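Everything below concerns the one structure shown next.
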Amino acid sequence: MTALERAINDLVIANRILAHHGVFDEYGHVSVRHPGKPERYLLARACAGAFVEPGDILEFTLDGTPASEDNRPLCTERFLHAAIYGARPEVNSVLCAGSEDVLPFSVTQTPLCAVLGTVGDMGTKVPVWDITERFGGDTDLTVSTMERARDLAKRLGDDRVVLMRGIGFVATGRTLNDAVKTSVYIPKNARSLAQSLEFGTVRPISQGEVDQRLAIDPESNAMRRGWEYWARDAGCERWL
């Protein structure tokens, strides 16, 4: 199997894992940087993550343009992936998901922070991107142009996760497995944080703890064990 074939199969697995865990509903999209062409990325056509097949994976350039002609519907927010890959050469996977669990932290003054060790590598700061700040109040809230995408990438900055007001979150990963693992735990972390706030002052994961979590190789045996378990649990054995 070539590196490209492996990347395509892994992207199929990622979509199905995220759907299986409820991170993706009928929407949601995840991409991976092309293993041989860093100026390109792989992303499924516009379809539900639970049903993505290898033939649905397309190649895009860093302006969101398909690398080859394809008349199937494309992901509207493909530009989001393009802008982040263009701004962050160390990022190798980008994910966008709607999540009711993180929604309150995108529309209130209460910041989302890491309280679960499993999401400690999310970082100590999660900014919020509000489309109205740059593009006014009468929009469809989607990142459907490169201009909007670059504005979101600017708000993300050097952080790992950014919330989209009224929509959900965008997460980045050093690898595809890294992005998927973090994103599975982000809604769980949001639920735990919301519950903890009812008890009083919350003690979040510290910067030192974040650094220790980030020091763990996302492709280590321990981290891959989780990927393989989730893949099999989601019925993806044939693509492993």
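All of the numbers you see were taken from the coordinates with simple rules; none came from a lab. Note that the structure is predicted; figures quoted are calculated from it, not measured. Quick reminder, even Gly has a Cβ in these numbers, built from the backbone with ideal geometry, and neighbours come from all protein chains shown.
Some notes on this structure:
- With the charge dipole of the stretch 20-102 set up from +1 on Lys and Arg Cβ and -1 on Asp and Glu Cβ about the Cα centre, the Cα lying farthest toward the positive end among the listed residues 97, 87, 31 is that of 87.
- Cα lying deepest toward the dipole's positive end in the chain, options 146, 169, 112, charges on Cβ: 112
- Cα-based Lys proximity count in the chain, under 24 Å, for pairs eight or more positions apart or on separate chains: 5
- The chain: DSSP helices with Cα axial extent of at least 30 Å and average Kyte-Doolittle hydropathy no lower than -0.5: 176-197
- Packing order of peptides 47-59, 199-211, highest average first: 47-59, 199-211 (average count of other Cβ atoms within 10 Å over each peptide's residues).
- Residue exposure sequence - 232, 88, 148 - by fewest surrounding Cβ within 10 Å: 232, 88, 148
- Helix-only CD estimate at 222 nm, as mean residue ellipticity for the chain, using -39500 (n - 2.57) per DSSP H run (n ≥ 4): -11500 deg cm²/dmol
- Dipole moment magnitude, nearest 20 debye, the stretch 3-217 about Cα centre, only Lys, Arg, Asp, Glu C-beta charged: 360
- Beta bridges by DSSP in the stretch 3-217, antiparallel share as percent, to the nearest 5: 90
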